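The structure under discussion appears below in the form of structure tokens.
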Amino acid sequence: MSLLLCLFAFVFGSIPWGYLIGKAKGIDLKTVGSGNIGATNVMRVIGKKEALITLTLDILKGFIPVLIVKVSPYSENLILIGIVGLLAILGHCFTPFLKFKGGKGVATSLGVLLGAMPLVGFITVLIWIVTVKISKISSLGALFSFALLPLNVIILGYPREFLIFAWLFTIIIYLRHISNIKRLIKGTEPKIGENK
């Protein structure tokens, strides 16, 4: 049963909603804008409504698998909750439906956090929103909010198992944003609404 939950998490997390929404509009997101299949590029290339739909669906990719574990007989197994969340994020980042090339994992990670640690998830979302509101740079919001994630887990007293996974989620986010970090250092990272 636990293996099925893990398999479901990866496959469900692998659904490339942004790409599918783009294809429905006759657009291949991998070849336009930033080339990313996440909500930021969807907004840049297609529009706000489609971006909001993509964001919601990508969040649910992380939230639903974790929620299923939490209402299953394995609800007390914190390691399994973390692994299922991790697999959902990895499914999004390395989807087999797009030759193992996917998004950067922010929305799906937020979904995992909201499912596993609701208060931490809410705080992470809030930090992301405030940072983006001030900077107008989506990647900066992700990097700053996830940099604070392990600290928030410690402050709010969540179990050590969740702290380990918080660090793993943060590492994944930073690895997936290496190109963004380089552009931020150079001052060339595009703001929301810019085409490049």
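The values are calculated or read from the model by the stated rules, or taken from the named source; none is laboratory data. Just so it is clear, the model here is predicted, and its values are computed rather than measured. Note: ideal-geometry Cβ built from the backbone for every residue, glycine included; neighbour counts use all protein chains shown. The accessibility values were calculated without ligands, DNA or RNA, using every heavy atom of the protein model including side chains. Shrake-Rupley method; radii C 1.70, N 1.55, O 1.52, S 1.80 Å.
Looking only at residues in region 98-128 that are small (Gly, Ala, Ser) and part of a helix (DSSP H, G or I), the one that is surrounded by the most Cβ atoms within 10 Å (Cβ to Cβ) is 109.
Among the residues making up region 95-112, those that are farther than 17 Å from residue 170 by Cβ and in contact (Cβ under 8 Å) with a residue 60 or more places away in the chain are 95, 96, 97, 98, 101, 102.
Restricting 5, 80, 60, 52 to residues that are under 25 Å from residue 115 (Cα atoms), assigned to a helix (DSSP H, G or I), modelled with pLDDT of 95 or more and open to solvent by 70 Å² or more (accessible area, probe 1.4 Å) narrows the list to 52. If you go through region 81-131 and keep only what is within 8 Å of the chain's Cα centre (by Cα) and among the charged types (D, E, K, R), you end up with just 104.
Being among the small types (Gly, Ala, Ser), more than 16 Å from residue 165 (Cα to Cα), open to solvent by 60 Å² or more (accessible area, probe 1.4 Å) and touching a residue at least 24 places away in the same chain (Cβ under 8 Å) is a property that does not hold for residue 72. Among the residues of region 155-164, not a single one is without any contact (Cβ under 8 Å) to a residue 60 or more places away in the chain, under 18 Å from residue 38 (Cα atoms) and among the aromatic types (Phe, Trp, Tyr). Only residues that are in contact with a Gly (Cβ under 8 Å, 6 or more places away or on another chain) and surrounded by 11 or more Cβ atoms within 10 Å (Cβ to Cβ): list them for region 170-196, please. Hits for region 170-196 are 172, 173, 176. Looking at region 152-166, can you tell me whether even one residue there is part of a helix (DSSP H, G or I), within 20 Å of residue 40 (Cβ to Cβ) and in contact with a Ser or Thr (Cβ under 9 Å, 6 or more places away or on another chain)? No, region 152-166 has no match at all. When region 12-43 is filtered for residues that are outside any loop (DSSP other than H, G, I, E, B), more than 11 Å from residue 103 (Cβ to Cβ) and open to solvent by less than 50 Å² (accessible area, probe 1.4 Å), the ones remaining, listed by number, are 12, 21, 22. Taking the listed residues 37, 59, 64, the one that is touching a residue at least 60 places away in the same chain (Cβ under 8 Å) and under 25 Å from residue 85 (Cβ atoms) is 37, with no other qualifying.
Note down all Cβ pairs under 7 Å where the first residue falls in region 121-135 and is within 11 Å of residue 149 (Cβ to Cβ), the second is at pLDDT 95 or above and not in a helix (DSSP H, G or I), and they're at least six residues apart or on different chains. Qualifying pairs under 7 Å: 127/148.
If you check 164, 173 for being within 29 Å of residue 100 (Cα to Cα) and more than 14 Å from the chain's Cα centre (by Cα), only one passes: 164.
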